[in-house]
Amino acid sequence: MDIDNVPKSPFEGAISLKQATLGDAGIVFAWRNHPDIYRYFFNPTPVLWEEHVAWFTRALANPGCHFLIARDTNDHSLGVVRFEAQGDAGSAEVNIMVAPGFEGGGLGTRMLELGVDWVAERTPIRHVVAKVMEANLGSRKLFEKVGFTTTYRVMERTLDVTDVR
Ligand SMILES: CC(C)(COP(=O)(O)OP(=O)(O)OC[C@H]1O[C@@H](n2cnc3c(N)ncnc32)[C@H](O)[C@@H]1OP(=O)(O)O)[C@@H](O)C(=O)NCCC(=O)NCCS
């Protein structure tokens, strides 16, 4: 999605976060497999339903995983914020996705702010890391807005045989 295609009208109305249950597997699968969502993932391809259910079930059973679903006042699901503790329980990696069609209206910002408050209030997590593709402008802006700073950059180069001296 280019910035020109990002809806500019803000999402109105209250939102809240709830912990995901197995009943959310279907909607999360549909979002995960939408091309506007997975194109910036480190595995930028659709996943199979069986793989998804296995991953989702493991995530729900993991006490270090805080899998939160955002919803509006009518109980419609709007996206996911997921925190996964890394080794030391004080540190977590965060992932976020907004339901396709709802991007650019401020939902991501509100979901991430609520998510950070949620883990700060209920868990030992005090440090949160987001791994963001350089090309993912929306995500970079979102995390910066919510107070994240860039501490290091991964640089890479693809080599071909003509590079060998
Ligand atoms: C990344 C994502 C969560 C952002 O959610 P969102 O609801 O679009 O974010 P917001 O509307 O709160 O926008 C946050 C800021 O980014 C800007 N922005 C949003 N999408 C943008 C885009 N595609 N290009 C440039 N800027 C963008 C907004 O204008 C806003 O900045 P502003 O307040 O200065 O205007 C959402 O686009 C998404 O789910 N993307 C697919 C999954 C993904 O990439 N997840 C992140 C993995 S690290």
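Numerical summary
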quantity	calculated
Single unsatisfied condition, THR109 versus (1) closer than 15 Å to LEU17 by Cα; (2) surrounded by 14 or more Cβ atoms within 10 Å (Cβ to Cβ); (3) of a type outside the set (D, E, K, R); (4) more than 8 Å from the ligand (Cβ to nearest atom)	(4)
Sole exception among (1) exposed (fewer than 12 other Cβ atoms within 10 Å of the Cβ); (2) within 11 Å of the ligand (Cβ to nearest atom); (3) hydroxyl-bearing (Ser, Thr, Tyr) for THR21, by number	(2)
Where PRO63 falls short, out of the listed (1) assigned to a loop (DSSP other than H, G, I, E, B); (2) farther than 20 Å from VAL116 by Cα; (3) more than 13 Å from the ligand (Cβ to nearest atom)	(2)
Residues (of a type outside the set (D, E, K, R), outside any helix (DSSP H, G or I) and under 12 Å from the mean Cα position of the chain (by Cα)) located in the range 106-132	VAL129, ALA130, VAL132
Options ASP24, ASP4, ASP36: the member that is more than 21 Å from ILE125 (Cβ to Cβ), charged (D, E, K, R) and modelled with pLDDT of 95 or more	ASP24
Condition check for VAL80: modelled with pLDDT of 95 or more, in a helix (DSSP H, G or I) and among the aliphatic types (A, V, I, L, M)	no
Tabulated pairs, the range 118-145, first closer than 20 Å to SER16 by Cα, second within 6 Å of the ligand (Cβ to nearest atom) and assigned to a helix (DSSP H, G or I), C-beta under 7 angstrom, 6+ apart or interchain	LEU142/GLY108; LEU142/THR109; LYS145/THR109
THR158 being more than 16 Å from the ligand (Cβ to nearest atom) and farther than 24 Å from LYS18 by Cβ	yes
Test: residue in the range 134-143 that is at negative phi, near the ligand (Cβ under 6 Å from one of its atoms) and polar (S, T, N, Q)	yes
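The values are calculated or read from the model by the stated rules, or taken from the named source; none is laboratory data. From a predicted model like this one, the values you see are computed outputs, not experimental measurements. All Cβ positions, glycine included, derive from the backbone under ideal geometry; neighbour counts span all protein chains shown.
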